[in-house]
Each structure stands twice: as structure tokens, then as C-alpha cells.
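*Asks:* Could you have a look at this structure, given as C-alpha cells, before my questions?
The values are calculated or read from the model by the stated rules, or taken from the named source; none is laboratory data. Bear in mind that the values here come from a model prediction, so they are computed numbers and not experimental data. Glycine also receives a Cβ, built like all others from the backbone with ideal geometry; neighbour counts cover every protein chain displayed. Accessible surface areas use protein heavy atoms only, side chains included; no ligands, DNA or RNA. Shrake-Rupley method; radii C 1.70, N 1.55, O 1.52, S 1.80 Å.
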Amino acid sequence: MDQQVLYPPHHYLYQAGGNPAVELLRQVVVNNQLELINIRNTPFRKSVEAEKVIASDMKELGFLHSVTNRKHSSLFKAGLNFEVDFFHPQHQIAVEVEKGEINNIWKNICKFAESPVIRHGVLLVPVIRQGQQVQSEFYKNTIKRLCHIEKVFSLIDSLLLIGY
């Protein structure tokens, strides 16, 4: 019997405390599934396109879009010019949307760890990464690459990966 994988897949890379919005965030991906899959499956598309697709749903959930110290002064220490794609001030959740660059994943984890107010980090990543001639299982590869860096994760309460 085949085990059916629910869309979107999700996996806690670290969990000292549960993300209070995990099911709501998964529903945002479901609500925008066709557009996100189209972006994911087309080479040379950018993560900002996926951000724009989910922006109105995220706003309805109380998330601020494209957040820096100017929008939320305590997000990062003075002098750090970091930005997160979405931030929920009450739940202290930061969401980063990626298209398929592992270096950006590492930068996002550093941003989550550097912020004194981010308690829950969420990475929205493509299930597959579609290149010009090759396709890779980006979601599964991201889990493999990040599953053993507990010291960095311990600076937040949870790190959740959601595939789109």
C-alpha cells in the first residue's frame, strides 16, 4: 500500500516549542498551490514572485511583509540591515520564501538566530528545484543538509520547513 504524502510537506528541523501557526501557514501554501507550483517548476523564476503570491493571505494572518528594523525596530540589533520576508510580531514567527539556493537557506537561519524577537523560523522551499536541464529534490536535500546543526537551532524555539 502506498503512503500518500499530504501537500504541502512539512518537517520540523528543530522543535523546543511548537509553532502556533504551522497549520495556517500550510493552508496558505495549499490556497496558492497552483501558482506556487508554476513558479517552482519554471527555471529562472525568483522567490520574490512566490512571496507576492502569498502576501495577501499572510497579511490576513497578521504577518508583516518585507520586514526590517524600520518596520519593527526590535527585529534586529541596530546596524544589522537584515530583512525577513514575513514577520508576525505577536507570535514571533519569521517566514522566508526561497526558490532553491542553499546559500540563501543558510543566510535565513543566521537571520533567525540573530534576532532577539524571532522565536519560530519558517522556510518555504520548493519540493523540487527545476534547473535548465536538471531537477533536484530540494526539500529533501535541505532537510539532509540542515538536520545536524542543533547549536544554531537552539537560539530559536523552532525551525520548520514547508515545501511548495
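*Asks:* Please identify which residues in the range 89-106 have an amide N closer than 18 Å to a label point set 7 Å out from the Cα of K52, following the Cα→Cβ vector.
*Replies:* Under cut-off, by backbone N: 97-100.
*Asks:* Toward the positive end of the charge dipole of the chain, about the Cα centre and with charges on Cβ (Lys, Arg +1; Asp, Glu -1), which of N41, N108, N81 goes farthest?
*Replies:* N81
*Asks:* Now for a separate question. Near K46, which aspartates and glutamates are there with a Cα under 15 Å away, not counting those fewer than 8 places off in the same chain?
*Replies:* E35, D85, E96, E98, E101
*Asks:* If you don't mind, another one. State, to one decimal in nm, how far the label point of E150 lies from the label point of E101, with both points 7 Å from Cα in the Cβ direction.
*Replies:* About 3.2 nm, to one decimal.
*Asks:* Hey, of [x] 19.5, 67; [y] 21.4, 76; [z] 15.1, 55, which did the structure itself give for Rg and Dmax of the Cα atoms in Å when calculated?
*Replies:* For Rg and Dmax of the Cα atoms in Å, the calculated option is [z].
*Asks:* Further question: How much accessible area per residue does the range 1-62 have, counting only protein heavy atoms and a probe of 1.4 Å, in square angstrom?
*Replies:* 64 Å²
*Asks:* Please get the size of the charge dipole for the range 23-164, origin at its Cα centre, with Cβ charges of +1 on Lys and Arg and -1 on Asp and Glu, quoted in debye to the nearest 20.
*Replies:* 300 debye
*Asks:* Leaving out ligands, DNA and RNA, and with a 1.4 Å probe, what % of the accessible surface on the chain is carbon or sulfur?
*Replies:* Numbers: 4530 of 8910 Å².
Answer for the chain is 51 percent, counting heavy atoms of protein chains only.
*Asks:* Per-residue HN-Hα couplings for the range 53-58, Karplus 6.51 cos²θ - 1.76 cosθ + 1.60 at θ = phi - 60°, whole Hz, x for Gly and Pro?
*Replies:* Calculated HN-Hα couplings, in order: 5, 9, 4, 5, 5, 5 Hz.
*Asks:* Okay, moving on. How large is ³J(HN,Hα) for each residue in the range 122-127, as worked out from phi by the Karplus curve 6.51 cos²θ - 1.76 cosθ + 1.60 (θ = phi - 60°), to whole Hz, x for Gly and Pro?
*Replies:* Running phi through 6.51 cos²θ - 1.76 cosθ + 1.60 with θ = phi - 60° gives 10, 10, 9, 10, x, 4 Hz.
*Asks:* Additional query: On a C-alpha basis, how far is the centre of the range 135-164 from the centre of the range 45-61 in Å? Whole number, if you could?
*Replies:* Between the Cα centre of the range 135-164 and that of the range 45-61, the gap is 21 Å.
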